[in-house]
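Data block below; observations after.
Read-outs throughout are calculated quantities, based only on the coordinates presented, and are distinct from any laboratory measurement. If you're wondering where the values come from, they're calculated on a predicted model, not measured in any experiment. All Cβ positions, glycine included, derive from the backbone under ideal geometry; neighbour counts span all protein chains shown.
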2 protein chains.
Amino acid sequence: MPKSLDPIEILIRRLQRSAGLEQSELAELRTLQVDVADVARNEAISREGDRVEHCMLLVEGFLIRLQHTRGGKRQILSFYVPGDIPDLQTLHLPTMDHSLAAITPARLGRIPHKSIQELCNRNRRVADALWRETLIDAAVARTWVRCVGRLTARARVAHMLCELHARLDAVGLAKDPIRMPITQADFADAMSLSVVQINMTLRDLREEGLITVHKREMIVHDLVRLQYVAEFDPLYLHLDPAQRR
Amino acid sequence: MPKSLDPIEILIRRLQRSAGLEQSELAELRTLQVDVADVARNEAISREGDRVEHCMLLVEGFLIRLQHTRGGKRQILSFYVPGDIPDLQTLHLPTMDHSLAAITPARLGRIPHKSIQELCNRNRRVADALWRETLIDAAVARTWVRCVGRLTARARVAHMLCELHARLDAVGLAKDPIRMPITQADFADAMSLSVVQINMTLRDLREEGLITVHKREMIVHDLVRLQYVAEFDPLYLHLDPAQRR
DNA sequence: CGCTAGTTTGAAAAAACTCAATTGGCGTGG
DNA sequence: CCACGCCAATTGAGTTTTTTCAAACTAGCG
């Protein structure tokens, strides 16, 4: 595990992206109690039905949210990149209605709900910033529905790549080549396609010169065209602070 | 439009379901500024890209959230039933990343963001109750992904019916026959299927004795079996107050 | 009574899946 | 350092699911 920033600094950088917090508020954030923990690839962090009392701040690596069908099929509901808090919703819905797992080795900052709640009670602006994060998470899920439901295989795969690119770019991790150790099986379960379809679609996109995928790294050669193919509009990620009130 | 409760009382009933607010807090809720407005069937309430300054409390009728593809296909992202606030997320994300429309004549209570925000600033418990509502909305969207992505047509349709049943039941609207004026075209765009498929699937479910659909009303004859077919687990709706902390 | 929106049904076409086999890359143990 | 083994990627081919297109039917409404 390479060296990495203090978890709280990553959180602060994330919230600063939109919330415009003041120094005193940042200082309060720094009082949050954080435990760092490393998890292995494919390790489950929490499961459907669990009651949890901590939030996980992702410091390094990739996590996924997922649900299963009775037949054992997986559906990945979102990817998480460093800076995200994939289970922030447990603050108010402590019973997990899906599972959380690492698809790469990952480093997490465990923050007790209690610690966050006390901070939220002291400071509404921090609370609102966190609320806003959960709303963006919801917006991503909604767009995922449209993607899986109404886009072609080709557009779906492109869309997922665009979203990952945009979100990694927002935390400074989209410098070519983009490290993206996600297997084609993961892509398949994310976009509700078969591995075969994912493989063929990636090949097509590669042959058209839009992307290169090699050794768990991706290079986007033509982002504009990729976004066009994906019918991708980054609005739903609410990354642009100008979109705020 | 038949007579209906005061919008705020509907909101209070909804929040009481889980938040356990005190009388003084309910009194504060009653100070919210609410404008009642009726909208016609198929009327758009807000569109992708709009910046809005009010939240819409649904008093009567059904609303949908939807997004479009370039090819003009629709994807319905959720249904809303009386008591819901479909655009509560605009409180912190005022730019709509999807559209909101009525699929039946509907009555809405328009509440200015400002009014809600002031209340939230005065009272954290109310703020948390509203935050929680937005989190449930997100949970519904996530489960929708699994439904659309990994369930068969049969299970998808059953799942949608189960969800509607559970949510209508939670507000006392699930007494047989259940009034559900949703066209098959709407169902199709919700579950990412064609109208043909919806029609056939409904026929199958009817012939198996699970449901009856007639004249915009539905009767569920065998909820347990319908839920089994749907792989439906109501956990994600977080309706059970015992699930709270 | 005719119109329209919505439902129902049939049949061909398209998209995506499953199954199966092969290839490639990489870490580990001999 | 090489061989083995395993996981992931790739490719081919037949099958299944779902869609699309088209047409007929039905019920409510002016």
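List the residues whose amide H sits under 5 Å from the amide H of A:Glu60, counting only those 5 or more places along or on another chain, with H placed 1.01 Å from N in the peptide plane.
For A:Glu60, the qualifying residues are A:Arg107.
Would you mind calculating the relative contact order of chain A from Cα pairs under 8 angstrom and at least 6 residues apart, reporting the percent as a whole number?
Details: 397 pairs, mean separation 49.9, N = 245.
About 20 percent, as a whole number.
Which whole-Hz ³J(HN,Hα) couplings does region A:47-59 yield from phi under the Karplus relation 6.51 cos²θ - 1.76 cosθ + 1.60, θ = phi - 60°, glycine and proline marked x?
10, 3, x, 4, 9, 10, 10, 9, 9, 10, 8, 7, 9
Taking only Cα atoms of the protein assembly as shown, what ratio of Rg to Rh do you get with Rh as the Kirkwood inverse-distance radius?
Details: Rg = 22.0 Å, Rh = 23.2 Å.
Radius of gyration relative to Kirkwood radius: 0.95.
For chain A, what is the mean residue ellipticity at 222 nm derived from helices alone (per DSSP H run of n ≥ 4: -39500 (n - 2.57); sum divided by total residues; nearest 500 deg cm²/dmol)? If you can, show how the numbers build up before the last one.
Values: 8 runs with 104 residues, N = 245.
Computed ellipticity for chain A at 222 nm equals -13500 deg cm²/dmol.
Taking Cα pairs under 8 Å and at least six residues apart, what relative contact order does region B:155-245 come out at, in percent? Kindly include the intermediate steps, with their values, before the conclusion.
Values: 86 pairs, mean separation 34.3, N = 91.
Normalised by residue count, the contact order of region B:155-245 is 38 percent.
Taking amide H positions as placed in the peptide plane 1.01 Å from N, state which residues far from B:Cys55 in sequence (5 or more) or on other chains have amide H under 5 Å from it.
For B:Cys55, whose amide H was placed from the backbone, the distant partners under 5 Å are B:Ile111, B:His113.
Hey, can you grab everything whose amide H is under 5 Å from the amide H of B:Ile45? Only 5+ residues off in sequence or another chain; H modelled, so Pro and N-termini drop out.
Here B:Leu100, B:Ala101, B:Ala102 satisfy the definition.
Can you work out ³J(HN,Hα) from phi for every residue in region B:196-213, in order, using Karplus 6.51 cos²θ - 1.76 cosθ + 1.60 and θ = phi - 60°, giving whole Hz and x for Gly and Pro?
Coupling constants for region B:196-213: 4, 5, 4, 4, 5, 5, 4, 4, 4, 4, 5, 5, 7, x, 7, 9, 10, 10 Hz.
Hey, rough spin-label estimate for B:Arg154 and B:Glu217, points 7 angstrom out along Cα→Cβ, what's it come to in nanometres?
Distance between the two pseudo-spin positions: 2.9 nm.
Give the average, rounded to an integer, of partner chain Cβ atoms located within 10 angstrom of each Cβ in A:85-95. List each step's numbers first, then the result.
On the way: counts 0, 0, 0, 1, 9, 2, 5, 14, 12, 4, 8.
The mean count of partner-chain Cβ atoms within 10 Å per residue comes to 5.
Hey, how many Å between the Cα centroid of region B:44-115 and the Cα centroid of region A:191-245?
If we compute the Cα centre of each part, the gap is 28 Å.
Place the label 7 angstrom along Cα→C-beta at B:Arg179 and in each other copy, then list the distances from the first to the rest in nm, shortest first.
Listed shortest first, these distances are 5.9 nm.
Compute the Cα gyration tensor for region A:7-136, then decide on rounded, prolate or oblate, letting a ≥ b ≥ c be the square roots of its eigenvalues: rounded whenever a/c is under 1.5, prolate when a/b is larger than b/c in the other cases, and oblate in all that remain.
prolate
If I build a Gaussian network model for chain A, linking alpha-carbon pairs within less than 10 angstrom, which residue out of A:Asn121, A:Asn42, A:Asn199 has the largest mean-square fluctuation?
A:Asn121
Is the C-alpha gyration tensor of region B:78-183 telling us rounded, prolate or oblate? Criteria: a/c under 1.5 is rounded; beyond that, a/b larger than b/c is prolate, otherwise oblate. Write down the numbers at each step before the final one.
Working: a/c = 1.98, a/b = 1.64, b/c = 1.21.
Prolate, because a/c is 1.5 or more and a/b exceeds b/c.
Under 28 Å between alpha carbons: how many lysine pairs meet that in the protein assembly as shown, if sequence neighbours fewer than 8 apart on the same chain are excluded?
Count of close lysine pairs: 9.
How well do other chains shield peptide B:126-137, expressed as the mean number of their Cβ atoms within 10 Å of each residue Cβ? Show your work: numbers first, answer last.
Values: counts 0, 5, 7, 1, 2, 11, 4, 1, 6, 11, 5, 4.
Taking all residues of B:126-137 together, the mean is 5.
When all C-alpha to C-alpha distances in chain B are sorted into bins of 5 Å, what percent of pairs does each bin hold, rounded to whole numbers?
1, 6, 13, 18, 19, 17, 12, 8, 4, 1, 0
Contact order normalised by length for region A:49-147, with contacts defined as Cα pairs under 8 Å and 6 or more residues apart; what percent is it?
RCO, region A:49-147: 34 percent.
Mind checking which of B:Gln89, B:His54, B:Leu66 is farthest towards the positive end of chain B's charge dipole, using Cβ charges of +1 (Lys, Arg) and -1 (Asp, Glu) about the Cα centre?
So the residue we want is B:Leu66.
May I ask for the net charge around A:Glu231, where only other residues with Cβ less than 14 Å from the Cβ of A:Glu231 are counted and Lys, Arg are +1 while Asp, Glu are -1?
+4
From the phi of every residue in region A:111-125, what ³J(HN,Hα) in whole Hz does the Karplus formula 6.51 cos²θ - 1.76 cosθ + 1.60 yield, where θ is phi - 60° and glycine or proline is x?
10, x, 3, 3, 5, 5, 5, 4, 4, 4, 5, 6, 9, 5, 5
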